[in-house]
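Engineer: Questions regarding the structure given below will be posed in turn.
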Amino acid sequence: MTLTAGARLGPYEILSPLGAGGMGEVYRARDAKLQRDVAIKVLPLAVAEDADRLARFRREAQVLAALNHPHIAAIYGLEESDGVEALVLELVEGETLAERIAAGPVPIEEALAIARQIADALEAAHEKGIVHRDLKPANVKITPQGKVKVLDFGLAKALTGDRSSPDVTHSPTLTAAATQAGVVIGTAAYMSPEQARGKAVDKRADIWAFGAVLYEMLSGRKSFEGETVSDTLAAVLRADVDWNALPRDTPASVRRVLRRCLDREVKTRFHDIADARIEMDETLQEPPPAAAAAPTPSRSKLWPLTAGALLVLAALGWWRALSSAPAPSLATRLSLVLPAGDRLPYEQEPIFALSRDGRQVAYVAEHAGTPALYLRTLDAAEARLIEGTSEATSPFFSPDGGWVGFFADGKLKKVAVGGGLPIALADVSTPRGGVWLDDDSIVFSPEYTSGLVRLPAGGGKPEVLTRPDVARGERTHRWPEALPGGADVLFTVGLASSPSDYDGAEIAVLNVASRKVRRVFDGGSMPRYVAPGRLAFLRGDSILVVPFDPGRAAVTGAAVPVVEKVSGDLAGGSAYYATARNGTLVSARGVAPQDRTLTLGNRKGEAIDVPLSPRHFLGPRFSPDAKRLAFSVGAGTGRDDDVWTYDIAGNILTRLTFGNTGLLAVWSPDGKRIAYGSIRGGAEGIYVKAADGGGQEEALQILKSSAEMPSAWSADGASLAFLRLSPTVGIWLVPLGEPSKVREIEPGALTARLSPDGRWIAYQTGIPGDIFVRPTDGSPGKWQITTDRGSWPVWVGNEIFFLREGGDILSVDVDTRPTFRAGAPRLVYPGKGRFDAGGLYSPFDVSSDGQSFVLMKTNARAEGAGRIDVVLNWPAELQRLAPVGGGK
């Protein structure tokens, strides 16, 4: 039965068709109860009208519903309405593996990562006695985040019972149309020989299909093909696999897996999919060849040395011999220059990582406004993009240099340096650095105000190692770095008294085994050990070193500045530097903090620059009548910023606060007052002042924490939504005049806007993150607005606007009565990669009529922002600048 958009099936509203096949027609539908999209699979009439088959299907579906695995698309339930029988399934966005293979063979590392996840799904199902019976690329989906989901698990048996005949009437995907000559068959190509002969099957049929899928990924072609069902089944029963079609560099272990999976003799085939998974795990853990396996990137992805850097090429032969020769007595400097138009990002998270031997540097760089990871071996003339690392931050190498860990898309991921699909290991919210230890575990900080956690590099459940001591003023543990020996980890302790300024942070050492923490130094962040006997760290825009005994985890002298002007985000403790165990240093000069202008745009795509000289603008906001702007100017710490207003028509700039006391300005609904946050030593909190500058400011000090920033003022002026940064991050709501009634709306949220009637609040989680809506009165309900990332919601009328990386503004139509509903996002203003992401503070706003926009634009980068400085044998230079132990 065909359903039309708008039709209802119980609580589900049909939205659009998704596809059809022998297993039924599939539709996208909206679950009115849980406010989520689902997939509705309407059963074939042959099943729905056969009482015995329908009863058997329902029993089998109940068993399948017990499957709960991250790589298996879930079954939510069965639904019957007006004679229509349907299965309610998890809706999985993304492309199918069949679509991915249609684009060409899948690189080995990526194929193994996909196959590993499929094997995980099969193993979980087989443990419950459930066999898929119809595994094929079309039944595997890859989400935009790279996660694999196996679809239609066990439905072949649910629909047909235990029969295994290849007859079209008994195969859910071999339809009558598929028997016509000239049609290439899908399911038959993945049938095991026993399945093709009509015999009873067990989990070894899935193992055969798994081998066929893996072979197809690697070769780009099916292992068994034919023009008709009979031809294809004959090939399954008799034809030899063309092993020469596999890539020449396919590892021997992978070939063994394929031969054992595609063994026609069921007794000698792999008996358990775990056997194949273990083989693949060992292959994935083998470091790939460093340079030979890397494909040649396109011209746009190459970052060549420029003329100034060509002077160092003569030294490359010396550099190649460096690893086997004694260290030179003098430090040697190199410069790696980025092409015009590319830049190092302006952010506070680590952008550099060095392998322990100092041969490889991984770094974050922006091309056309999009950050990604690049890999450079220091004896090569070019760098290459690491595919699949868009929006990456905080890279770190595995001990052997064969893998790079990083954070992106709300995940901790790893990727082989030879290329391939990144592998997601754990969920993160607002991560703050990681390190890969000698025991093959990763220690990382998953959230803005969390402690450190650890998990195996192969994936698993994170284990909490530290928690910030809120009683003594600790807010966050972040940016871990391993000390030699692997037993201890350096990290930064951020304090609640300075939530955005890490010059006053503490440096501590964690013994991973005992969980004991020792604070070793006050007044710096992002520590790195430099042998012999020094601790490097950041303070302001300089690298300092202090004598340090790693055995006792103790500082033994005074700190000395050794490199100046290295940081990008001076307020946040940027890591525009990294060190290697062999004494190599990489660093860079950051983007100047005053390098922004403002742009006004509209829905027609027109834009004009605001005629103000470049400043470090933060959080621009339209006044309610859209005639003025309010924004902060400063470093973004709350200690160095002031609020300014700007009359657009009159071109008049007016300073509202004096003495570095205002951050993140928010207009009152009548436009007469402005609220702002301030960190001023004992009087932190939110303040309100008349927008014309007259009168005294009023201190709200709602929670009396050290970091509260206004986010949205309700239309009736009665309530204020605000961001609390410490001791934990979250969005709170307070009725003005009744501070005792303050309550938290959403832990972990970073910014928010209220609906015009004040009944709803839209907020963002993560950077970049997603946008959600929930009621302000605390009643249940939560709706996700974005499906492909979005930041900084602005609620105007019946629209929620948000920003995508690069400056594209999108809008979603919303309806709040009788309950909340949202439409599909649509582009309303193309940013074209020109606009700033804004860090922690919103980089854009929308006028009250929804027609005009203001955005921050980053201008040409400051000197040095496109150059990476490399120092070989940095300890030799340190011995001259800050002698330790007589040079020993």
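The values are calculated or read from the model by the stated rules, or taken from the named source; none is laboratory data. Bear in mind that the values here come from a model prediction, so they are computed numbers and not experimental data. Every residue, glycine among them, receives a Cβ derived from its backbone with ideal geometry; neighbour counts consider all protein chains shown. Remember, those area values only see protein heavy atoms, side chains included, never the ligands or the DNA or RNA. Shrake-Rupley method; radii C 1.70, N 1.55, O 1.52, S 1.80 Å.
Engineer: Test each condition in (1) more than 29 Å from L9 (Cα to Cα); (2) touching an Asp or Glu at 6+ places or on another chain (Cβ under 6 Å); (3) open to solvent by 30 Å² or more (accessible area, probe 1.4 Å) for L122 and report the one that comes out false.
Structural biologist: (3)
Engineer: Using the structure shown, decide if F270 is over 17 Å from D134 (Cα atoms), in contact with a Cys (Cβ under 8 Å, 6 or more places away or on another chain) and open to solvent by less than 20 Å² (accessible area, probe 1.4 Å).
Structural biologist: yes
Engineer: Separate question: Taking the criterion of being of a type in the set (F, W, Y) and open to solvent by less than 10 Å² (accessible area, probe 1.4 Å), would at least one residue in the range 488-506 satisfy it? Step through it out loud before you land on a result.
Structural biologist: Going residue by residue through the range 488-506, those that are of a type in the set (F, W, Y) are 491, 502.
With the extra rule that they be open to solvent by less than 10 Å² (accessible area, probe 1.4 Å), the set shrinks to 491, 502.
Yes, there is a match, as at least one residue in the range 488-506 is of a type in the set (F, W, Y) and open to solvent by less than 10 Å² (accessible area, probe 1.4 Å).
Engineer: Sticking with this structure for a sec: Within the set of pairs 6 or more residues apart or between chains, which connect a residue that is over 17 Å from T228 (Cβ atoms) and among the small types (G, A, S) inside the range 179-199 to a residue that is in a loop (DSSP other than H, G, I, E, B) and at pLDDT below 50 with Cβ atoms less than 6 Å apart?
Structural biologist: Partner pairs satisfying both residue conditions: G198/S164; G198/S165.
Engineer: Also, quick follow-up: Please state which one of G839, G866 is within 26 Å of T599 (Cα to Cα), buried (at least 20 other Cβ atoms within 10 Å of the Cβ) and at pLDDT below 85.
Structural biologist: Details: G839 fails: buried (at least 20 other Cβ atoms within 10 Å of the Cβ).
Every option except G866 fails the conditions.
Engineer: Which of the residues that make up the range 796-808 are touching a residue at least 60 places away in the same chain (Cβ under 8 Å) and either open to solvent by less than 50 Å² (accessible area, probe 1.4 Å) or within 13 Å of I761 (Cα to Cα) (or both)?
Structural biologist: G806, G807
Engineer: Can you tell me how many residues within the range 781-801 are part of a strand (DSSP E or B) and under 17 Å from S848 (Cβ atoms)?
Structural biologist: Count: 8.
Engineer: Given the conditions (1) farther than 17 Å from S726 by Cβ; (2) open to solvent by less than 10 Å² (accessible area, probe 1.4 Å); (3) basic (K, R), report the number of the one that R475 does not fulfil.
Structural biologist: R475 satisfies every listed condition except (1).
Engineer: Hey, does the range 243-255 have a residue that's among the charged types (D, E, K, R) and touching a Pro at 6+ places or on another chain (Cβ under 6 Å)?
Structural biologist: no
Engineer: Scan the range 658-692 residue by residue and report those that are of a type in the set (G, A, S), modelled with pLDDT under 90, in contact with a Ser or Thr (Cβ under 7 Å, 6 or more places away or on another chain) and not in a strand (DSSP E or B).
Structural biologist: Scanning the range 658-692 gives a single hit, G662.
Yes or no, residue by residue, for (1) at pLDDT below 95; (2) in a loop (DSSP other than H, G, I, E, B); (3) under 18 Å from S848 (Cα atoms); (4) of a type outside the set (K, R):
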residue	(1), (2), (3), (4)
D716	yes, yes, yes, yes
I745	yes, no, no, yes
R753	no, no, yes, no
D757	yes, yes, yes, yes
I761	no, no, yes, yes
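Engineer: Out of the residues in the range 514-526 meeting the condition of being under 29 Å from the mean Cα position of the chain (by Cα) and either modelled with pLDDT of 95 or more or not in a strand (DSSP E or B) (or both), tell me which one is surrounded by the most Cβ atoms within 10 Å (Cβ to Cβ).
Structural biologist: Among residues in the range 514-526 that are under 29 Å from the mean Cα position of the chain (by Cα) and either modelled with pLDDT of 95 or more or not in a strand (DSSP E or B) (or both), the one surrounded by the most Cβ atoms within 10 Å (Cβ to Cβ) is G524.
Engineer: Which one of these is surrounded by fewer than 19 Cβ atoms within 10 Å (Cβ to Cβ) and either among the β-branched types (V, I, T) or at positive phi (or both): T787, T751, T776?
Structural biologist: T787
Engineer: Hey, another quick one. Please specify each residue of the range 347-371 satisfying the condition of being modelled with pLDDT of 80 or more and in a loop (DSSP other than H, G, I, E, B).
Structural biologist: Result: P350, I351, S355, R356, D357, G358, R359.
Engineer: Kindly provide the set of residues from the range 458-499 that are of a type in the set (G, A, S) and in a loop (DSSP other than H, G, I, E, B), ordered by number.
Structural biologist: Within the range 458-499, G458, G459, G460, G473, G485, G486, A487, A496, S497, S498 qualify.
Engineer: Could you grab me the full set of residues in the range 527-554 that are out of contact with any Leu (no Cβ under 9 Å at 6 or more places or on another chain) and assigned to a strand (DSSP E or B)?
Structural biologist: Hits for the range 527-554 are R539, S542, D549, A554.
Engineer: Right, another one. Give the residue, chosen from L344, L375, that is within 21 Å of the chain's Cα centre (by Cα), modelled with pLDDT of 80 or more and open to solvent by less than 20 Å² (accessible area, probe 1.4 Å). Can you show your working first?
Structural biologist: Details: L344 fails: modelled with pLDDT of 80 or more.
Result: L375 is the single residue among L344, L375 that is within 21 Å of the chain's Cα centre (by Cα), modelled with pLDDT of 80 or more and open to solvent by less than 20 Å² (accessible area, probe 1.4 Å).
Engineer: Is there any pair with a first residue in the range 641-663 that is among the charged types (D, E, K, R) and a second that is outside any loop (DSSP other than H, G, I, E, B) and open to solvent by 60 Å² or more (accessible area, probe 1.4 Å) whose Cβ atoms are under 7 Å apart and which are 6 or more apart or on different chains, and what are they?
Structural biologist: Final answer for the pair search is D642/R655; D647/R628.
Engineer: Just a yes or no: is a residue in the range 728-737 within 22 Å of S847 (Cα to Cα) and at pLDDT 90 or above?
Structural biologist: The answer is no; no qualifying residue exists.
Engineer: For the range 436-446: of the residues being in a loop (DSSP other than H, G, I, E, B) and closer than 18 Å to A392 by Cβ, which is most open to solvent (accessible area, probe 1.4 Å)?
Structural biologist: So the residue we want is P446.
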